[in-house]
Amino acid sequence: MNAYINSSELLCCAGDKDALMKAIYEKRTGVSIDTSYMSDTPVALGMMEYNDFYQLGIELVKKILDDSNLDDFHNTLLIVGSSVGGMRESEKSYFKKKNYKNIDPNKHAISVISDSLMEEFGFLDSRSISTACTSSANALLLAKRLINVEAYKNILVFGADALCYTTVCGFNALGVLSSKICRPFDKDRDGMNVAEAIAGVLVQNVKCKDSVELKGVGASSDAFHITNPDPEAKGAMKSMLDSMKDAGILAEQIDYINAHGTGTLANDNVESLAVQTLLPKTFISSTKAITGHTLGAAGALEAIISCEVIKRGLVPPQSSLQDAQNGEINLSKTSVKKDINYVISNSFAFGGNNTSLIFGVVK
């Protein structure tokens, strides 16, 4: 059975799905400078406004259900991809009295997100995946494989990560945070923008009017270093090649690459090398200068962006780019109108975990 994306919703620092796509094409970032997390060090973060992160997720899933061909989710598998799970709630409990004994372990785990959605919607079953920044990309990879073998007819993939001190201070300790809007693939890039988001994607075995097909998936683990990717890009190239093989298409058939493109020195060097080797003529850009890096939510968020790019037939420009470091890749500096049949979306994570997804027009 084929896997089709039939309904999706998102929320990030640049707004909902329509607002985000408008911001991407207008090169208008949702990232802002913040001093609340580290008062002595201003950092650029992608922050949303909300009172209850879990309620925000419930409201988003309700919208997906209303937009779908389903009456309820009782025959739907839920797969959640998240990097930090309930860490934000644990921090709030700790800071309240500066005592770790206030932390509820049941509200700390990755599964706390799926638990809240299961309680609200009564999904058939649920799974939670945490592989850092490939979490919801791997959730989509699993969803496709389960649909293909007819294990399920309907799967909701939900990517979610909220900003917290552990995440922001952790990336700062690695020396990869920028105090400015990130500049993926630029010579003068100086780091990434940590961000938060929620994104839901309904994957089904039947096509609808506005379906986009999840055509191919590929994954690899180069295991070069706990935080740095293999500088020879072997793992990145393998995940991309495996996704093309799974989709049954050639490299020259891909019209656009939604790059992982975090704006860090190591990531952009490796991804540029992989693209230069495999897809040097294909349009490429990273949308993280608009959304920030939404960690475990990034795979699902950028899956939705990729589907919208196909529907609109408009290649996104590379926002904040001034002087490209690698002239051998086809960075789109402006929006490009063209027929887009296939998009590959890359997600790369700590530990050399690489996932590539290919989305295509329904034929």
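Glu49 meets all of the listed conditions (1) over 24 Å from Lys144 (Cα atoms); (2) of a type outside the set (Val, Ile, Thr); (3) in contact with an Asp or Glu (Cβ under 6 Å, 6 or more places away or on another chain) but one, namely (3).
Restricted to segment 99-123, and to residues there that are among the β-branched types (Val, Ile, Thr) and not in a loop (DSSP other than H, G, I, E, B), the residue that is nearest to the chain's Cα centre (by Cα) is Ile113.
Checked against (1) modelled with pLDDT under 95; (2) closer than 23 Å to Ala233 by Cβ; (3) surrounded by fewer than 23 Cβ atoms within 10 Å (Cβ to Cβ), Lys245 meets all criteria but (1). Of the residues screened, Lys96 is not one that is part of a helix (DSSP H, G or I), surrounded by fewer than 19 Cβ atoms within 10 Å (Cβ to Cβ) and under 19 Å from the mean Cα position of the chain (by Cα).
Checking each residue in segment 216-271 for being out of contact with any Ser or Thr (no Cβ under 8 Å at 6 or more places or on another chain), assigned to a loop (DSSP other than H, G, I, E, B), touching a residue at least 24 places away in the same chain (Cβ under 8 Å) and farther than 21 Å from Arg183 by Cα picks out Asp222, Ala223, Phe224, His225, Ile226, Asp230, Glu232, Gly248, Ile249. Say we look at segment 318-352 and pick out the residues that are closer than 15 Å to Asp268 by Cα and assigned to a strand (DSSP E or B); which of these is farthest from the chain's Cα centre (by Cα)? Ranking the candidates gives Ala324 first.
Selection within segment 27-85: residues that are surrounded by fewer than 13 Cβ atoms within 10 Å (Cβ to Cβ) and in a helix (DSSP H, G or I). The member of this set that is nearest to the chain's Cα centre (by Cα) is Gln55. For segment 286-315, a residue qualifies if it is charged (D, E, K, R) and either assigned to a loop (DSSP other than H, G, I, E, B) or more than 9 Å from the chain's Cα centre (by Cα) (or both), and the qualifying residues are Lys288, Glu308, Lys311, Arg312.
The listed residues are Ala151, Ala109, Ala143, and the only one of them that is crowded, with 22+ Cβ neighbours inside 10 Å and either among the charged types (D, E, K, R) or on the phi < 0 side of the Ramachandran plot (or both) turns out to be Ala143.
Just name the residue that is farthest from Thr76 (Cα to Cα) out of those in segment 116-131 that are touching a Phe, Trp or Tyr at 6+ places or on another chain (Cβ under 8 Å) and crowded, with 17+ Cβ neighbours inside 10 Å. Step through it out loud before you land on a result.
Residues of segment 116-131 that are touching a Phe, Trp or Tyr at 6+ places or on another chain (Cβ under 8 Å), as a first pass: 116-117, 121-124.
Remaining after also requiring crowded, with 17+ Cβ neighbours inside 10 Å: 116-117, 121, 123.
On the way: Ser116: 15, Leu117: 12, Phe121: 10, Phe123: 6 Å.
Result: Ser116.
Considering Ser179, Ser126, Ser135, the condition of being in a loop (DSSP other than H, G, I, E, B) and either among the hydroxyl-bearing types (Ser, Thr, Tyr) or under 16 Å from the mean Cα position of the chain (by Cα) (or both) is satisfied by Ser179 alone.
Criterion first (surrounded by fewer than 24 Cβ atoms within 10 Å (Cβ to Cβ), out of contact with any Lys or Arg (no Cβ under 6 Å at 6 or more places or on another chain) and of a type outside the set (Ser, Thr, Tyr)) does Asn341 satisfy it? Considered against the rule, which asks whether it is surrounded by fewer than 24 Cβ atoms within 10 Å (Cβ to Cβ), out of contact with any Lys or Arg (no Cβ under 6 Å at 6 or more places or on another chain) and of a type outside the set (Ser, Thr, Tyr), Asn341 comes out as yes. Restricting attention to segment 18-53, the residues that are farther than 12 Å from Ile290 by Cβ and in contact with a helix residue (DSSP H, G or I) (Cβ under 6 Å, 6 or more places away or on another chain) total 2.
Just need a number here: residues in segment 159-176 that are part of a loop (DSSP other than H, G, I, E, B) and buried (at least 24 other Cβ atoms within 10 Å of the Cβ).
So the answer is 2.
Do we have Asn6 as assigned to a loop (DSSP other than H, G, I, E, B) and either more than 17 Å from the chain's Cα centre (by Cα) or among the aromatic types (Phe, Trp, Tyr) (or both) here? Answer is no for this residue.
The values are calculated or read from the model by the stated rules, or taken from the named source; none is laboratory data. This is a predicted model, so every value here is computed, not measured. Every residue, glycine as well, gets a Cβ built from its backbone with ideal geometry; the counts of neighbours run over all protein chains shown.
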